[in-house]
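Engineer: A single structure is presented below for examination.
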Amino acid sequence: MKKTGIIAAAVVIVLAAGALGWLYFAGWLDRDKPAIRLDSDITAIGKKKDISIAFSDERSGLSGLKVEIVQDNKPRLLAQESFPSRSTRQKVLRLTVEPLLLQLNNGPAVVRITAGDASLFKNETVISEQVRIDMMPPQVYVMSPVNYINQGGAGFIPYRTSKPAALTGVFVDDRFYPGYNIVIGGQPTSVATFAVGTGASASTKIVIFARDSAGNEARTSMPFTIKPKKFRADKVNLSETFLQKIMPEFQGSIPQLQGKTPVEVFGYVNTTLREENSKTIQSVCRKSVNKKLWEGAFHRMRNASPMALFGDERTYLVDGKPFGNSVHLGVDLASTAHAPIEAANNGIVVFAGALGIYGNAVIIDHGLGLFSLYGHLSSIETAVGKPVKKEEKIGLSGLSGLAGGDHLHFSILVGGQFVNPQEWWDPHWIEDNVMKKMNL
């Protein structure tokens with residue numbers, strides 16, 4: 001009998017151990033708490049705030065979750081959900097907080113997030129995030145009431161906001177140009193340099209934009225006058241000599257052009273490659289130093305004659321028939337073969353290498369969204385990241401890329417958009433349109 005009892009007791013122990021093991025591995029005896037990850041910055045909440053929260057419990061599964069916002073000891077329920085099946089291991093909750101609908105006031109509040117698991121211990125995680133309710137949009141004060149802007153040219157505007165802004169800038173129609181923070185008259189000030197197209201008119205919309213850390217936005221119209229400017233139009237005959245001389249360079253570097261005729265290669269270069277190069281330039285110019293690096297009028301290539309001007313409209317002809325077109329987005333300057341090319345102003349080199357139709361090219365950041373581009377170089381004598389001074393040598397002129405002869409293609413860009421370089425060579429234009437506004 002004793003032996004039988006011992007065996008029975010052992011069986012019970014084994015069964016109990018097995019049951020406990022099963023309960024453990026099944027997650028019932030899980031002592032770990034659920035995890036909560038807040039995927040949104042909720043330091044400040046404006047009139048409307050989208051929030052994403054990730055919940056997880058890989059052992060026993062989630063049993064429920066709750067999100068509240070508490071102000072003046074009054075909780076407002078934002079979301080609540082239960083999971084009775086124990087099969088939910090992960091849950092991503094996306095919700096929108098609208099303080100006005102919740103009857104919240106401007107001021108401090110707490111977002112309280114709770115998650116429970118399905119174990120026998122009913123583990124629970126609670127996190128509380130201090131937030132600030134701020135439904136007041138920033139006010140924008142324009143500091144320059146008179147602004148004349150040339151078609152195809154650049155504009156510059158200083159402005160201030162009633163409170164710190166997370167993002168500011170200028171919209172020209174639908175295109176955004178970021179603002180930069182500097183000090184004018186001992187006070188924090190935002191400035192934006194922007195471009196207007198060659199077809200800009202009185203119907204062009206120019207608006208100053210500001211968004212605070214809570215997501216509140218403000219838009220203020222900017223006073224401006226667009227001054228018309230005439231641009232040239234020309235027809236360019238694509239001779240067999242030109243095509244046979246220039247197109248093989250592109251055909252050899254672009255696999256999909258193998259077997260194409262020179263005319264077909266030009267068609268690709270003038271459309272697809274030109275667009276790809278434009279996207280590359282915009283990407284390079286997306287970030288600029290938050291400081292004015294340039295000083296005075298921009299340097300123009302020495303002893304050089306202009307061969308083509310900014311805004312020239314070109315219609316290309318093959319056998320006398322139109323075969324594509326383009327708008328020239330710089331000034332072509334030519335002197336002698338392999339002439340020294342110098343930086344137009346102080347800045348930092350942000351691109352140095354092959355750039356499609358521009359051949360060997362250099363792009364320099366002059367700060368506050370202003371850049372210069374040097375194309376068709378025969379050699380590059382600088383490097384990305386290198387600070388350069390005005391008139392410092394950066395390469396030699398050449399005929400790389402889509403160039404029929406040795407010359408420099410020189411461009412000025414603001415926010416990645418091309419503008420007329422002739423403005424930036426003119427000290428009077430710079431004084432009237434930039435420096436006087438910076439010295440208000």
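The values are calculated or read from the model by the stated rules, or taken from the named source; none is laboratory data. Given the structure is predicted, the values throughout are model-derived calculations rather than measurements. FYI the Cβ positions are ideal-geometry reconstructions off the backbone, even for glycines, and counts take in every protein chain you see.
Engineer: Looking at (1) of a type in the set (S, T, N, Q); (2) more than 27 Å from Ile364 (Cβ to Cβ); (3) buried (at least 16 other Cβ atoms within 10 Å of the Cβ), which is the one condition that is false for Asn270?
Structural biologist: (2)
Engineer: Tally up the residues in segment 194-219 that are crowded, with 16+ Cβ neighbours inside 10 Å and either assigned by TED's automatic domain parsing to the domain that holds Leu370 or hydroxyl-bearing (Ser, Thr, Tyr) (or both), please.
Structural biologist: Total meeting the criteria: 2.
Engineer: Hey, could you check segment 194-252 for residues that are β-branched (Val, Ile, Thr) and assigned to a loop (DSSP other than H, G, I, E, B) and say which is farthest from Gln282 (Cα to Cα)?
Structural biologist: Here is the first cut: in segment 194-252, the ones β-branched (Val, Ile, Thr) are 196, 198, 204, 206-208, 220, 225-226, 236, 241, 246.
Of the ones still in play, those that are also assigned to a loop (DSSP other than H, G, I, E, B) are 196, 198, 204.
Numbers: Val196: 16, Thr198: 18, Thr204: 22 Å.
Ranking the qualifying residues of segment 194-252, first place goes to Thr204.
Engineer: Search segment 378-398 for residues that are within 19 Å of His409 (Cα to Cα) and assigned by TED's automatic domain parsing to the domain that holds Ala343 and pair each with any residue that is basic (Lys, Arg) and at pLDDT 95 or above when their beta-carbon atoms are under 7 Å apart and the residues are at least 6 apart or on different chains.
Structural biologist: Glu381/Lys393
Engineer: Output the residues belonging to segment 31-46 that are among the hydroxyl-bearing types (Ser, Thr, Tyr) and without any contact (Cβ under 8 Å) to a residue 60 or more places away in the chain. Working first, answer last.
Structural biologist: Restricting attention to segment 31-46, the residues satisfying the condition of being among the hydroxyl-bearing types (Ser, Thr, Tyr) are 40, 43.
If the condition is that a residue be among the hydroxyl-bearing types (Ser, Thr, Tyr) and without any contact (Cβ under 8 Å) to a residue 60 or more places away in the chain, then Ser40 is the only one that fits.
Engineer: List the number of the failed condition for Leu100; all other conditions in (1) buried (at least 17 other Cβ atoms within 10 Å of the Cβ); (2) closer than 25 Å to Ala166 by Cβ; (3) not polar (S, T, N, Q) hold.
Structural biologist: (1)
Engineer: When you scan segment 94-130, how many residues do you find that are within 17 Å of Asp50 (Cα to Cα), in contact with a Ser or Thr (Cβ under 7 Å, 6 or more places away or on another chain) and either of a type in the set (Asp, Glu) or not assigned by TED's automatic domain parsing to the domain that holds Leu78 (or both)?
Structural biologist: Final tally of qualifying residues: 0.
Engineer: Considering only segment 298-382, give the strands (runs of 3 or more DSSP E) lying wholly within it that have at least 1 residues that are crowded, with 21+ Cβ neighbours inside 10 Å. Break it down stepwise before answering.
Structural biologist: Numbers: elements: 305-308, 313-318, 321-327, 331-334, 340-342, 347-354, 360-367, 370-380.
Correct list: 331-334, 340-342, 347-354, 360-367, 370-380.
Engineer: Separate question: Can you spot a residue in segment 178-186 that is surrounded by 22 or more Cβ atoms within 10 Å (Cβ to Cβ) and outside the structural domain of Asn73 (by TED's automatic domain parsing)? Working first, answer last.
Structural biologist: So the first thing to find is which residues in segment 178-186 are surrounded by 22 or more Cβ atoms within 10 Å (Cβ to Cβ), and the list is 179.
Checking the rest, the ones that are also outside the structural domain of Asn73 (by TED's automatic domain parsing) come to 179.
Scanning segment 178-186, I find at least one residue that is surrounded by 22 or more Cβ atoms within 10 Å (Cβ to Cβ) and outside the structural domain of Asn73 (by TED's automatic domain parsing), so the answer is yes.
Engineer: What is the residue count in segment 109-142 for residues that are surrounded by fewer than 18 Cβ atoms within 10 Å (Cβ to Cβ) and within 32 Å of the chain's Cα centre (by Cα)? Explain how you work it out, then say what you get.
Structural biologist: Taking segment 109-142 and keeping what is surrounded by fewer than 18 Cβ atoms within 10 Å (Cβ to Cβ), we get 110, 112, 120-122, 124-130, 132, 135-136, 139, 141-142.
Cutting the leftovers down to within 32 Å of the chain's Cα centre (by Cα) gives us 129-130, 132, 135-136, 139, 141-142.
Of the residues in that region, 8 qualify.
Engineer: Now for a separate question. Go through (1) assigned to a loop (DSSP other than H, G, I, E, B); (2) of a type in the set (D, E, K, R); (3) touching a Gly at 6+ places or on another chain (Cβ under 8 Å); (4) surrounded by 13 or more Cβ atoms within 10 Å (Cβ to Cβ) one by one and return the number of the condition Lys260 breaks.
Structural biologist: (3)
Engineer: Another one. Please pick out the residue among Gly356, Gly415 that is within 26 Å of Phe171 (Cβ to Cβ) and either in the same structural domain as Lys245 (by TED's automatic domain parsing) or acidic (Asp, Glu) (or both).
Structural biologist: On the way: Gly356 fails: within 26 Å of Phe171 (Cβ to Cβ).
Of Gly356, Gly415, the one residue that is within 26 Å of Phe171 (Cβ to Cβ) and either in the same structural domain as Lys245 (by TED's automatic domain parsing) or acidic (Asp, Glu) (or both) is Gly415.
Engineer: Please go through segment 48-57 and give me each residue that is closer than 17 Å to Pro34 by Cβ and not in a strand (DSSP E or B), ordered by number.
Structural biologist: Across segment 48-57, the qualifying residue is only Asp57.
Engineer: Checking Ser63 against (1) in contact (Cβ under 8 Å) with a residue 40 or more places away in the chain; (2) closer than 26 Å to Asp134 by Cα, only one condition comes out false. Which one?
Structural biologist: Result: Ser63 passes all but (2).
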